[in-house]
Amino acid sequence: MLVYTFFYYSKYMSIPGREGEWGISIFLSATAVLAGMLIELGRFWGWVIEVKINKDLLVLQGIPAAILSIVPGPYWLQSGGNAFPFSFFADPVVTGISGVWLGVVLLRGFFNNKRIGDEEEIKKKNNLA
């Protein structure tokens, strides 16, 4: 979120014109999604990662998060003006938070962590079987 905030308020990212607003919004959305993926990668530290796709999680939480994070703010303002739901969707805080959540959901939806048992646990399982 610090990187997202830096680029949003940075004077170095100022691109003039309407295309510049779209470009900055898309770049910030991508930064937020990558930050969420990095946060979720911390959950896998020291564990074996296996590919296990959770379609329900991707549909129920991934689609709304993708709509709020990937669709740039200028689109919402052009669609509905400054009316309540559109101004809320265009807010960079909403875009940032939903982008981070999208990154977390993407990694959780595609991967699962699996713990490798100790040798003693493996022996116990083999003796019981």
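Taking region 50-62 as the range and being in contact with a Lys or Arg (Cβ under 8 Å, 6 or more places away or on another chain) and not in a helix (DSSP H, G or I) as the test, the residues that pass are GLU50, ASN54.
Checking each residue in region 83-129 for being modelled with pLDDT of 80 or more, more than 14 Å from the chain's Cα centre (by Cα) and open to solvent by 80 Å² or more (accessible area, probe 1.4 Å) picks out PHE84, PHE88. Among the numbered conditions (1) at pLDDT 85 or above; (2) among the hydrophobic types (A, V, I, L, M, F, W, C); (3) under 20 Å from the mean Cα position of the chain (by Cα), the only one that ILE49 does not meet is (1). Scanning region 15-39 for residues that are among the small types (Gly, Ala, Ser) and at pLDDT below 80 turns up GLY17, GLY20, GLY23, SER25. Within region 68-92, the set of residues being closer than 26 Å to PHE110 by Cβ and either free of Cβ contacts under 8 Å to residues at least 12 places away in the same chain or polar (S, T, N, Q) (or both) comprises SER69 only.
The values are calculated or read from the model by the stated rules, or taken from the named source; none is laboratory data. Values in this document were obtained by computation on a predicted structure and should not be read as measured data. Virtual Cβ from ideal backbone geometry, glycine too; neighbours counted across all protein chains shown. Calculation scope for accessible area: heavy atoms of the full protein, side chains included, ligands and nucleic acids excluded. Shrake-Rupley method; radii C 1.70, N 1.55, O 1.52, S 1.80 Å.
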